[in-house]
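A.B. asks: Take this structure, written in structure tokens, and hold onto it; I'll ask about it next.
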Amino acid sequence: MSWQDIRIETDRLILRPPRREDFDAWAANMANEESARFVGGVQPRAAAWRGFLTMVGAWAIQGFGMFSVIEKSSDQWIGRMGPWQPEGWPGTEVGWGLARHAWGNGYALEGASACMDWAVDQLGWTDIIHCIDPANLPSQVLAQRLGSRLRGPGKLAAPFEDAPIEIWGQTRDEWRRRRT
């Protein structure tokens, strides 16, 4: 199976690698101050394009990257989430970032749970982290709901090495115990 054919379905979401037709919604999300605040900040369309291609490149080179999140009921792109581990990253991360209009619907928990299952079952990850800005309280709550715990301060790879982050996480065994 090619990476382009990977697809995860939950009750309300489709998670699949990014496609060209996702970019307009991606760029709009990165132009929204609230949505972009904790995922690198607001970006002009050209910078968002480079970030989008980075994600597609991760899939092509590593065989994984964040999924595009598609809301089943509307067939609309509503965010990105999934496994992420660029060079120099502090660990094997499952991260998330949803469009502002998708917040508050439980999509992050639903999608992140499916992504964590996939990272453990398909990628063989034995540890999953979440790099969360200390001011990002909703993501901290989500991490707790996923069963992750605060491990302490962390450091991202350049050019984000000065961004304050906390590392939340859990082991594969802890995740599996929660899921049974």
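The values are calculated or read from the model by the stated rules, or taken from the named source; none is laboratory data. Bear in mind that the values here come from a model prediction, so they are computed numbers and not experimental data. Note that we place each Cβ from the backbone using ideal geometry, even for glycine, and neighbour counts take in every protein chain shown. Calculation scope for accessible area: heavy atoms of the full protein, side chains included, ligands and nucleic acids excluded. Shrake-Rupley method; radii C 1.70, N 1.55, O 1.52, S 1.80 Å.
A.B. asks: Any residue at all in segment 140-159 that's more than 18 Å from SER35 (Cα to Cα), among the hydrophobic types (A, V, I, L, M, F, W, C) and surrounded by fewer than 13 Cβ atoms within 10 Å (Cβ to Cβ)?
C.D. replies: yes
Rundown of residues vs (1) surrounded by fewer than 20 Cβ atoms within 10 Å (Cβ to Cβ); (2) aromatic (Phe, Trp, Tyr), yes/no style:
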residue	(1), (2)
PRO17	no, no
SER35	no, no
PRO44	yes, no
TRP49	yes, yes
GLY57	yes, no
PHE67	no, yes
SER73	yes, no
ILE78	no, no
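A.B. asks: For segment 1-48, which residues satisfy the criterion of being under 20 Å from ASN105 (Cβ atoms) and assigned to a helix (DSSP H, G or I)?
C.D. replies: Once the filter is applied, which keeps residues that are under 20 Å from ASN105 (Cβ atoms) and assigned to a helix (DSSP H, G or I), segment 1-48 yields ASP22, ALA25, TRP26, ALA28, ASN29, GLU34, SER35, ALA36.
A.B. asks: Any idea how many residues of segment 123-160 are free of Cβ contacts under 8 Å to residues at least 24 places away in the same chain, closer than 17 Å to THR92 by Cα and not small (Gly, Ala, Ser)?
C.D. replies: The total comes to 4.
A.B. asks: Also: Among the residues of segment 143-157, is there at least one that is under 14 Å from the mean Cα position of the chain (by Cα) and either modelled with pLDDT under 95 or closer than 26 Å to PHE52 by Cα (or both)?
C.D. replies: yes
A.B. asks: Then there is this: Condition first: outside any helix (DSSP H, G or I) and of a type outside the set (Phe, Trp, Tyr). Can you find one or more residues in segment 57-65 that meet it?
C.D. replies: Yes, segment 57-65 contains at least one residue that is outside any helix (DSSP H, G or I) and of a type outside the set (Phe, Trp, Tyr).
A.B. asks: Which of (1) within 17 Å of the chain's Cα centre (by Cα); (2) of a type outside the set (Ser, Thr, Tyr); (3) at pLDDT 95 or above does GLU174 not meet, given it meets every other one?
C.D. replies: Unmet condition: (1).
A.B. asks: Pairs please, first residue from segment 8-36 and under 14 Å from MET66 (Cβ atoms) and among the acidic types (Asp, Glu), second anywhere and modelled with pLDDT of 95 or more and open to solvent by 10 Å² or more (accessible area, probe 1.4 Å), Cβ atoms under 8 Å, 6+ apart in sequence or on different chains.
C.D. replies: That search, which allows pairs on different chains as well, returns ASP22/TRP77.
A.B. asks: Kindly indicate whether any position in segment 72-80 is in contact with a Cys (Cβ under 9 Å, 6 or more places away or on another chain), touching a residue at least 60 places away in the same chain (Cβ under 8 Å) and within 28 Å of PRO153 (Cβ to Cβ).
C.D. replies: Looking for residues that are in contact with a Cys (Cβ under 9 Å, 6 or more places away or on another chain), touching a residue at least 60 places away in the same chain (Cβ under 8 Å) and within 28 Å of PRO153 (Cβ to Cβ), one finds none in segment 72-80, hence no.
A.B. asks: How many residues does segment 103-138 contain that are open to solvent by 20 Å² or more (accessible area, probe 1.4 Å), under 18 Å from LEU15 (Cα atoms) and among the small types (Gly, Ala, Ser)?
C.D. replies: Residues in segment 103-138 being open to solvent by 20 Å² or more (accessible area, probe 1.4 Å), under 18 Å from LEU15 (Cα atoms) and among the small types (Gly, Ala, Ser): 2 in total.
A.B. asks: Still on this structure, I have one more. Looking only at helices (runs of 4 or more DSSP H) that fall completely inside segment 104-180, which ones have 1 or more residues that are closer than 23 Å to TRP3 by Cβ?
C.D. replies: Per the criteria, 107-121, 172-179.
A.B. asks: What about GLY63, is it touching a helix residue (DSSP H, G or I) at 6+ places or on another chain (Cβ under 8 Å) and touching a residue at least 60 places away in the same chain (Cβ under 8 Å)?
C.D. replies: In short, yes.
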